[in-house]
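Data first, discussion second: the structure below is written as structure tokens.
The values are calculated or read from the model by the stated rules, or taken from the named source; none is laboratory data. The structure presented is a predicted model; accordingly, all values stated were derived computationally and were not measured. Ideal geometry is used to build each Cβ from the backbone, glycine not excepted, and the neighbour counts take in all protein chains shown.
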Amino acid sequence: MRIIWVSPHCWPDYVLRENGLGVKSQGGQTVVMYEATLALARAYPDLQIDIYARLEDGEPPVNHIHPRVRIIRLPLGPTDTYLPKERFWGEPIQGFVREIIRHASENNLRYDLVHGHYADGWYVAHHLHLEWGLPYLCSTHSLGIRKRDNSLRMGEGSAQELDLKYSFTQRIANEQAALDAAHRICPLTREEGAYMVRKYNVDPAKIRVTNNGVVVADFHPPVPRDVAALRKELDLGPEHLVILLVARVDPRKGQRELIEAAPMVIQGVREATGKTVKILFVAWVDSPLAHSLEQRADELGIRDHIIFHPPVLNKDIKRFYWAADVYSLSSSYDIFPIVMLETMAAGLPIVATRNGGPSEIIESGKDGYLVEPTNPSELAQALVRVLSSEDERERLSRAAHRKVVARYTWDKLALHTMGIYRELLGEQGR
């Protein structure tokens, strides 16, 4: 079986670079495409995967990340400069589809199906279907309607301003066309699938919920010397209990919510244990939002309790999970954050938003706690409860780790995904 995976702005080989993630829109989607395609190739020796991506000068036109998984870069707009994915729509992505068709013809490549990931990948999959008659499926990372509505709700700008920034009108129209014709649709959660039925009027019979995964061995067991070294580097002693939040500085990622809850957490933990709370924000950068959050911490008198740490390499992030005592996933909404699975795999207790994917993964009180992060008191109470009891942290840690191992590895995702491929190909008589 030979298949196409495509999300043109994603370069999965950037996972292998020292400073690859976090630049040029290479983040969670990039990790998904890298890990999912590798897991599929490991599990199925007869499977060959071509990942089509945008070419930029200086990047290798072809790069194997596995003997049977290769990235093929082709022009999508100018190659001598970075093109944000919001600017793909129209001629740039139409030209990219033509480049794939040309490349396949010149190299005598024949494919069985197309797996489109994210809106730009859906567009390509849809148009290759129109050209070649191939069946295709769409897997999600975010949805244009939801992102637009959330941006409006959070006051990021007017509808016209947001459309100029994110090209929502074109993106949503292309999402709708691709979903209408798709043979299978793979949302990350049941809730997201229901949302797509309501907002995009998709056929529920085409939906196959497909979660993200994690490489458990990358995060467990902890390495004690690494834990000790990092805590020393951060000037953390035995008297400190650490709340961790790893995310870009963004209104949606929960830094403000955690700062607002912090005074109650600090006081509650001090009264219960006599220890001092430290909040560790990782991936902190210099920005107007960062400055406003720092100012708010000053106003609340909690600046001495916060460590603002710059971004770290992907391979080093596990040390931060190991060195912390609880993770605060206090984002206003998260579809299916990989950081949640990494936290659970590392054995770090988690307090997470009940809005979105975490509510389908975490059983509140059993392997973590679910809260309304915009309610500072509710967020604070859960964090105090976890930080005030070592036994509670150990109980949550064990339960969360067991759940990830049992359900959320990339190898299990590969089995699930291949089941969808075979189902789809069987229907098409291929």
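All of Val223, Val197, Val285, Val215 fail the test of being within 23 Å of the chain's Cα centre (by Cα), farther than 30 Å from Trp122 by Cα and surrounded by fewer than 18 Cβ atoms within 10 Å (Cβ to Cβ), apart from Val285. In the set Ala177, Ala182, only one residue is touching a residue at least 24 places away in the same chain (Cβ under 8 Å), of a type in the set (A, V, I, L, M, F, W, C) and in contact with a strand residue (DSSP E or B) (Cβ under 6 Å, 6 or more places away or on another chain); that residue is Ala182. Which one is surrounded by the fewest Cβ atoms within 10 Å (Cβ to Cβ), of the residues in segment 33-59 that are in contact with a Lys or Arg (Cβ under 7 Å, 6 or more places away or on another chain) and not in a strand (DSSP E or B)? The qualifying residue surrounded by the fewest Cβ atoms within 10 Å (Cβ to Cβ) is Glu59.
Residues that are more than 21 Å from the chain's Cα centre (by Cα) and either modelled with pLDDT under 95 or more than 27 Å from Ala228 (Cβ to Cβ) (or both), at least 3 per element: which helices (runs of 4 or more DSSP H) completely within segment 324-430 meet that?
376-387, 410-428
Taken over segment 99-124, the criterion of being more than 19 Å from Ala181 (Cβ to Cβ) and in a helix (DSSP H, G or I) is satisfied by Glu99, Arg102, His103, Ala104, Ser105, Glu106.
Screening Arg198, Arg248 for residues that are in a helix (DSSP H, G or I) and among the charged types (D, E, K, R) leaves exactly one candidate, Arg198.
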